[in-house]
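Chemist: Dropping a structure here in structure tokens format, bear with me for questions.
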Amino acid sequence: MNAKVQIAKTQISNRQGASFPVRRMNFNFDNVPEYWMDGSAGLTHFMTALSALFPAGEQLFIDSVRAVRYHPAIKDNKALQKEISAFIGQEAMHTHEHVGFNASAQKFGHDVATLEKNTDSVIQFGRKFFAKAMKPFGYSQEMIDLTATTALEHFTATIASELLTNPHIQALMTDDTMRYMWMWHAVEENEHKAVAYDVYQGIFGTGAKSYALRTVALVIAISMILATQAQFTLRLLKADKKLNFKELLMIYKYAYSPSKGIITGFAGEIFTYFRPQFHPNDLDTVALLEKWKAKLGL
Ligand SMILES: [Fe+2]
Ligand SMILES: [Fe+2]
């Protein structure tokens, strides 16, 4: 592990037989600079906007899987039950650390607390709206939440594997603690990327109805998340009086340019979700994860 990274405590708790562990992290963000990403307000706020989505977003992931874990179709699947427990453990730890980082950004006067609340409002509005719209077709709130989580878990796994493979992005993460935190989160998103999908498939099966629901959900969920994150980035920049051409150009190059962008870079993998026989493990990240786990000392 990099000696400059400040983690007060790291413990691994194996959730009795799951295929991946729950690592207890406790990052110290006290010495993270205000513009930790290559000294750029634009890039830093772009990542902070992403981080602001996690506390409410990951709470939805946890709640939605927890709500259906004892559904008759999967309750006796012992292996899947262990994966679910570890999934909940990892997501809870991600939220804990992003809350810590978001509070440290708040310290510099960037109002991430409001963005966290706004994320929760968007999620609550979206999940209730779609549950109401789909009720006549026999879909419950729990089913809508699980479908959204399954789609968003594909989003997080693909953006995470882009983080782990894109050298342009890694080079811009100039603060060791922040780089470590994002890479740890990216590793774990790929470790547990199949859990929500396996729960979804266990309950909904693999037929045309299941396919239609999950693919429509992906389009809606990703549109909502990218629009919200872009709006948050602009709000952070505006409040910081840094909304200018130079910072926007940095964001374009880093996020949306065809050759280097984190958003454009994962577009290809995102669309694999539209294959009728898709499964998250089709995107083989085993060697990539081994490399990063060794690098991070995980
Ligand atoms: Fe996560
Ligand atoms: Fe996740």
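The values are calculated or read from the model by the stated rules, or taken from the named source; none is laboratory data. Because the structure is a prediction, the values reported are computed rather than measured. Here the Cβ positions follow ideal geometry from the backbone for every residue, glycine too, while neighbour counts run over all protein chains shown. For accessibility, only protein heavy atoms count, side chains too; no ligands or nucleic acids. Shrake-Rupley method; radii C 1.70, N 1.55, O 1.52, S 1.80 Å.
Chemist: Less than 20 Å apart at the alpha-carbon level, and either on another chain or at least 8 residues along: which lysines does that give for LYS242?
Modeler: LYS107, LYS253
Chemist: Under 23 Å between alpha carbons, and skipping anything fewer than 8 positions from LYS135 in its own chain: which lysines qualify?
Modeler: LYS209
Chemist: Would you mind putting 123-132, 62-71 in packing order, based on average other-beta-carbon counts within 10 Å, highest first?
Modeler: Top of the packing list down: 62-71, 123-132.
Chemist: Next question, about the same structure. For LYS295, go through the lysines and keep the ones whose alpha-carbon is under 23 Å away, minus same-chain ones fewer than eight residues off.
Modeler: Excluding near neighbours in sequence, the set is LYS4, LYS9, LYS193, LYS260.
Chemist: Segment 162-210 to segment 255-298: how many Å between their Cα centroids?
Modeler: Their Cα centres are 7 Å away from one another.
Chemist: What ranking, highest mean first, results for peptides 81-90, 43-52, 172-181, 281-290 when packing means the other Cβ atoms within 10 Å averaged over each residue?
Modeler: Result, highest mean Cβ count within 10 Å first: 43-52, 81-90, 172-181, 281-290.
Chemist: A further question follows. How would you order 108-115, 189-196 from highest to lowest mean count of nearby Cβ atoms within 10 Å?
Modeler: With the highest mean Cβ count within 10 Å placed first, the list reads 189-196, 108-115.
Chemist: Right, here's the next one. What number, in nm² with one decimal, is the all-direction average of the projected area of the convex hull of the alpha-carbon atoms of the chain?
Modeler: Answer in nm², one decimal: 14.7.
Chemist: Sticking with this one: Which order do ASP76, ASP198 take by accessible area at a 1.4 Å probe, largest first?
Modeler: Most to least solvent-accessible, the answer reads ASP76, ASP198.
Chemist: Could you give me the ³J(HN,Hα) list for segment 112-127, computed from phi with Karplus coefficients 6.51, -1.76, 1.60 and θ = phi - 60°, whole Hz, x at Gly and Pro?
Modeler: 6, 4, 5, 5, 4, 5, 4, 4, 4, 5, 4, 5, 5, 4, x, 5
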